[in-house]
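Contents: one structure, followed by commentary.
The values are calculated or read from the model by the stated rules, or taken from the named source; none is laboratory data. Since this is a predicted model, take the numbers as computed values, not measurements. Cβ: placed from backbone, ideal geometry, glycine included. Neighbour counts: every protein chain shown. For the accessible areas, the whole protein counts, side chains as well, though only heavy atoms, and no ligand, DNA or RNA atoms are used. Shrake-Rupley method; radii C 1.70, N 1.55, O 1.52, S 1.80 Å.
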Amino acid sequence: MTEQDFIPKTYTNAIENGSFTWASPSNIALVKYWGKKEHQIPENPSISFTLNNCKTTTTVSFSKKDDSNAFSFDVFLDGEKKDDFKPKIETFFKRVAVYLPFLKNYHFKIETSNTFPHSSGIASSASGMSALALCLMSIEKELIEPDGISSTVEESHFIKKASFLARLGSGSACRSLEGDLVVWGMHDGIKGSSDLYGVKYPFEVHQNFKNYQDTILLVDKGEKQVSSTVGHNLMFGHPFAQERFKQANKNLSDMVSILKDGDLDAFIALVESEALTLHAMMMTSMPYFILMKPNTLHIINKIWAFRQQTNSKVCFTLDAGANVHVLYPEQEATSVLEFIENELVAYCQNGQYICDVIGLGANKL
Ligand code: PMV
């Protein structure tokens, strides 16, 4: 498929107004996306667990306006008008306008809320952009299908295009529509994979990874020190960039066998190495950044010690920030939570953490 395939032919239905609501989850990458080309095309393929509890719920209400000169919308977070969110959405609208030609014909009221605390350091861009993309796709579906019951817009196209649009809002958002594992980026060994949208992981996954747990330790709840845009740009001309992109491709190939065989030790090694490599890229770019905090390192060391003492299969991964995602199999849920309570909570800001588990993706409300 190419970008052209996402430009709709005609809208046959005239609608004056309406409203759609979608809830969409966050996701956590196991093989990381870091570095992009133009138009949010990733430099390397990535794979993520879709989360279940960290979600954004968005309602988009729309009403026809007289002109079609410019975008017109208002944004609300938890019922409060958020004009500071508008530039990001305006940019998103500009990027997707060619694929959603109705955008200038309506005024939109975008109401959004997150299940996780605001400014918790958990990025809401993946869940937020995917929820918004899904609402816009529901509007487009209605414009194409007069009776709302015909199936001109097939389910698979709907999800693909929503993922394609979400990607243009925030790259990793394209992995937030389906569960429970999603691949984004062309990879020779993964049929159907694409740089343009995320696809559900198509191969066998061992029972060991069912209901995998992710407890997010909130080490630093402040604003991100480095925005993703700045971060991705640091990979331009980075001395280790090409090797890193090759490594991510190989790691994804290795991950396919790990997921099939249920090899938890190999999973731990790959996932932790990916997290540290992401941070190593930031430490070795120009300008350079250290996004971990002292408590991030305390937690990592505690996890390593716990693993040695107990033979647990707990491990960590990191986003582009200081918070730690603690990953572990479902059957260790009780013992690892006890370990977190006893030994790791002390390193969290205000003792805060969020328990999550891999989930099935977005749903229409
Ligand atoms: O989607 P962005 O542009 O915010 O980039 C996210 C990049 C990481 O979260 C660090 C890694 C990933 O693959 O999600």
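Things to note:
- What separates the Cα centres of the range 218-268 and the range 62-98 is a distance of 32 Å.
- Applying a threshold of 24 Å to the alpha-carbon distances of LYS9/LYS104; LYS37/LYS88; LYS36/LYS161; LYS221/LYS364; LYS191/LYS364; LYS55/LYS82 flags LYS221/LYS364; LYS191/LYS364 as lying beyond it.
- Dipole moment magnitude, nearest 20 debye, the chain about Cα centre, only Lys, Arg, Asp, Glu C-beta charged: 640
- Difference of contour (0.36 nm per residue) and Cα-Cα distance, ALA14 to GLN247: 78.9 nm
- Each other residue within a Cβ distance under 11 Å of ILE299 adds +1 if Lys or Arg and -1 if Asp or Glu, for a net charge of +1.
- Ranking ALA362, GLN331, SER312 by how far each Cα lies toward the positive end of the dipole of the range 294-365 (charges on Cβ) leaves ALA362 at the top.
- Dipole of the chain [Lys/Arg +1, Asp/Glu -1 at C-beta], most positive-end residue of HIS298, VAL256, SER63: SER63
- Note on the range 24-106: the C-alpha convex hull projects to 7.4 nm² when averaged across all orientations.
- Net lengthening on full extension, PHE203/ASP261 (0.36 nm per residue, minus Cα-Cα): 19.7 nm
- Per-bin percent of Cα-Cα distances, the chain [10 Å]: 5, 25, 33, 24, 11, 3, 0
- Cα long-axis angle, helix 241-261 against the chain (0 to 90 degrees, to the nearest 10): 80
- Charge dipole (debye, nearest 20) of the range 1-112; +1 at Cβ of Lys and Arg, -1 at Cβ of Asp and Glu: 200
- Principal-axis analysis of the Cα atoms of the chain puts helix 294-310 at an angle of about 60° to the longest axis.
- For the range 121-216, alpha-carbon Rg over 2.2 N^0.38 Å: 1.20
- Counting only protein heavy atoms and a probe of 1.4 Å, the accessible surface of the range 213-357 is 53% carbon and sulfur.
- With θ taken as phi - 60° and the Karplus curve 6.51 cos²θ - 1.76 cosθ + 1.60 applied, the whole-hertz 3J(HN,Hα) list for the range 22-37 is 10, 10, 10, x, 7, 9, 10, 6, 9, 9, 8, 8, 8, x, 9, 9 Hz, x standing for glycine and proline.
- With loop membership from DSSP and a limit of 12 other Cβ atoms within 10 Å, the longest segment of the chain without GluC sites (Glu not before Pro) is 224-365.
- Residues whose placed amide H lies under 5 Å from that of PHE116, excluding near-sequence neighbours: LYS55
- Dividing the convex hull volume of the alpha carbon atoms of the range 213-357 by its residue count gives 113 Å³ per residue.
- Projection of the Cα convex hull of the range 3-200, averaged over all directions and equal to a quarter of that hull's surface, yields 11.2 nm².
- Once the Cα atoms are used to define both axes, helix 125-144 deviates from the longest principal axis of the chain by about 30 degrees.
- For the chain, calculated [θ]222 nm from helices alone, where every DSSP H run of n ≥ 4 adds -39500 (n - 2.57): -10500 deg cm²/dmol
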